[in-house]
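Heads up, the thing below is written out as structure tokens.
The values are calculated or read from the model by the stated rules, or taken from the named source; none is laboratory data. Here the structure is a predicted model, which is why all the values come from computation and not from measurement. Using ideal geometry, Cβ is built from the backbone for each residue, glycine included, and neighbour counts are taken over all protein chains shown. Remember, those area values only see protein heavy atoms, side chains included, never the ligands or the DNA or RNA. Shrake-Rupley method; radii C 1.70, N 1.55, O 1.52, S 1.80 Å.
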Amino acid sequence: MGGRFLSMGECMVELSQAGAGLLRKGFAGDTLNTAWYARACLTKDWSVDYFTALGDDAMSDEMVAFFREAGIGTDLIRRIKAKAPGLYMISLKDGERSFSYWRENSAARQLAADPELLRTAIESADVVYFSGITLAILSRDDADTLLAEVRRAKASGKLVAFDPNIRPRLWSSYDVMHATITEGARASSLVLPSFDDEAAHFGDDSIEATIRRYRALGVPEIVVKNGADGVTLDFDGTQTFVPAERVEQVVDTTSAGDSFNGAFLARYLADRNAPEAARFAAKVAARVVSEHGALVAYDKLGI
Ligand code: ADP
């Protein structure tokens, strides 16, 4: 039985080097990436919608057309006058990638500024997905509004999934980051943290410590990702380790975690078998790290 999967956050314009002073344009952002892989992996009786705010410029129009082309619903996207999407550029120096961002003033910063639309969107969904980046880009008031709505969704029995996706640079202070990400997790029924981020920013000395911390917040379903070292699941207190797939040559790890999340949730929604969903997601993520870019074409995912 299908339903509606709603992913909430910011998609940006991506500019990458295309040689001889040329730049290639794409679109990406953590929650959009997860929507992309969820769409690729969910059955057709599921719809996938992206919830964000965009501007009234040509780039916003292109982005909407890109989502639609990918089969991602855009009806809930708010368009704001005289605004534009955020942008980032990938630079390559001696084989190392670095990122420059222009997102402080993006339309998506106001994605929760219309509480009625936010409520309608969440009420219309069966599954809600958001991340620490979704929370980081909002004003304190709007983050509180969004958290109150996801809390409501969790209380009504919906699956609310959250990836803390910790990016200290997006936050005004460590204290605000810790407090808000902790509230995001508390408002969720399933969390998908990455162990290296959790260790670096919450001081967890083991995967077990990460699981204990989220369990203490009342999160019943926990998926701790640990790169090539696989994932540890804790579902209602039952722990399972699922190894990563072996990859011949890792080409680009951008969106490894986002693709894992989308594929995991898609498969988990089919029959609520978490270890099976993690094995499937590891296969999809292995394909994704074997290709360039955040969004690997659906027909290259081997699904
Ligand atoms: P994030 O990008 O959120 O930090 P991870 O690095 O933990 O997430 O990667 C998410 C998933 O992607 C892993 O659980 C694993 O399945 C897959 N993955 C990531 N890196 C590799 C790798 N080098 N080899 C095989 N699989 C990988």
Handout entry: Rounded to 5, percent antiparallel among DSSP beta bridges of the chain
Key = 45 percent
Fill in the blank from the handout: Packing-ranked peptide list from 103-109, 269-275, highest mean Cβ count within 10 angstrom first, is 103-109, 269-275
Problem - Contact order relative to length of segment 120-160, as percent, for alpha carbon pairs under 8 angstrom and 6 or more apart - result: 57 percent
Exercise for the section: Round to the nearest 0.05 the FRET efficiency obtained for K25 and A297 when R0 = 25 Å and r is the Cβ-Cβ distance. Expected result: 0.90
Fill in the blank from the handout: In this structure, the FRET efficiency calculated for R272 and K93 from their beta-carbon separation, with R0 = 45 Å, to the nearest 0.05, is 0.50
Completion exercise
If R0 = 22 Å, then S124 and D144, at their Cβ-Cβ distance, give a FRET efficiency to the nearest 0.05 of 0.55
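For the chain, give the magnitude of the charge dipole about the Cα centre (Cβ charges: +1 Lys/Arg, -1 Asp/Glu; no others), in debye to the nearest 20.
300 debye
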Problem - Relative contact order of segment 160-228, defined on C-alpha pairs under 8 angstrom at six or more residues apart (%) - result: 37 percent
Exercise for the section: Using a 1.4 angstrom probe, figure out how much accessible area the chain has per residue, in square angstrom, rounded to the nearest whole. Expected result: 45 Å²
Practice task
Compute the length gained on full extension between A200 and D45: take 0.36 nm times their separation in residues and subtract their Cα-Cα distance, giving the result in nm to one decimal.
Solution key: 51.8 nm
Fill in the blank from the handout: In the structure shown, of K25/K300; K83/K300; K158/K300; K154/K225; K25/K83; K225/K300, the pairs separated by more than 25 angstrom at the C-alpha atoms are K83/K300; K158/K300
Exercise for the section: Excluding residues fewer than 8 places away in the same chain, name every one of the aspartates and glutamates whose C-alpha is closer than 16 Å to that of K283. Expected result: D229, E245, E248, D252, D258, E291, D299
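What GluC sites (Glu not before Pro) in segment 227-303 are in a loop by DSSP, with at most 13 other Cβ atoms within 10 Å of the Cβ? Mind showing how you got there, number by number?
Working: sites: E245, E248, E276, E291; in loops: E245, E248, E291.
Sparse-neighbourhood loop GluC sites (Glu not before Pro): E248.
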Practice task
Distance from a point 7 Å along Cα→Cβ of T240 to each backbone N in segment 278-303: keep the residues under 12 Å and list them by number.
Solution key: 278-281
